[in-house]
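Heads up: the structure comes next, in C-alpha cells.
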Amino acid sequence: MLLACGVAVAFGLASNARAEHIENEVAQFAALDKVTARISKLEQPLNQSVEFGSLKLTPRTCYARPATEQPKTTSFVEVDERDLQGKQQRIFSGWMFAESPGLNAVEHPVFDIWLTGCKQPVGMAARAAAKGDTAARPDAAAADPAAVGETTRRRVRR
C-alpha cells in the first residue's frame, strides 16, 4: 500500500516537473548572404514577413524557457523563395532550434537563415503598463527624461 502511494506521488511530481515554455512576440534570426559574406540580424514580429534577398521569412511561433531552466528556444518558421518570374515557392516549413542551428536551418545556395532567439514575452508590455513601468513603454520614457537610463543611487554610510 505504501509503495503504491509512493509511486503515485512520484508520478504526480514528475508530471509537474516539466519545464514551462514562454511564448514570445518577436523571433530573432541571423541571415547570411554567401555572395557578399554579409551577416544580418533580423528581428521579426510573429505572423509578419520579412524579405532577405529572394527569401521571405515568416515566423509563426517563438518559445523560450525561463532563465532558471536549461535553454531551449524554438520557433516554427515558413520560408518562401521568390524566383525571377516573381512566383513564390515554399522551401522550408518547420521548427528551428536556436541551440542547434545546424539541425533545421534554412540552407539555400545563396542564403542561410537560422534562429538565434526570441524576444518580448507575450503580455509583458501589458503587465508593465499595469504596473506603471516606464522602461517597457517608450512613449512614457520619452515624456519623462529622468526615466531614461538613469537610476537613483543611495549612499550608504559606514
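Considering every residue within the stretch 59-77, establish whether at least one is under 20 Å from ARG90 (Cβ atoms), touching a residue at least 12 places away in the same chain (Cβ under 8 Å), in contact with a Phe, Trp or Tyr (Cβ under 6 Å, 6 or more places away or on another chain) and of a type in the set (Phe, Trp, Tyr). Checked the stretch 59-77: at least one residue is under 20 Å from ARG90 (Cβ atoms), touching a residue at least 12 places away in the same chain (Cβ under 8 Å), in contact with a Phe, Trp or Tyr (Cβ under 6 Å, 6 or more places away or on another chain) and of a type in the set (Phe, Trp, Tyr). Just one of (1) at pLDDT 75 or above; (2) touching a Ser or Thr at 6+ places or on another chain (Cβ under 8 Å) fails for GLN85. It is (2).
Conditions tested, residue by residue: (1) surrounded by 14 or more Cβ atoms within 10 Å (Cβ to Cβ); (2) out of contact with any helix residue (DSSP H, G or I) (no Cβ under 7 Å at 6 or more places or on another chain); (3) at pLDDT 90 or above; (4) within 14 Å of LEU115 (Cα to Cα).
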site	(1), (2), (3), (4)
PHE29	yes, yes, yes, yes
LYS41	no, yes, yes, yes
ALA64	yes, yes, yes, yes
PRO71	no, yes, no, yes
PHE76	yes, yes, yes, yes
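The values are calculated or read from the model by the stated rules, or taken from the named source; none is laboratory data. Bear in mind that the values here come from a model prediction, so they are computed numbers and not experimental data. Every residue, glycine among them, receives a Cβ derived from its backbone with ideal geometry; neighbour counts consider all protein chains shown.
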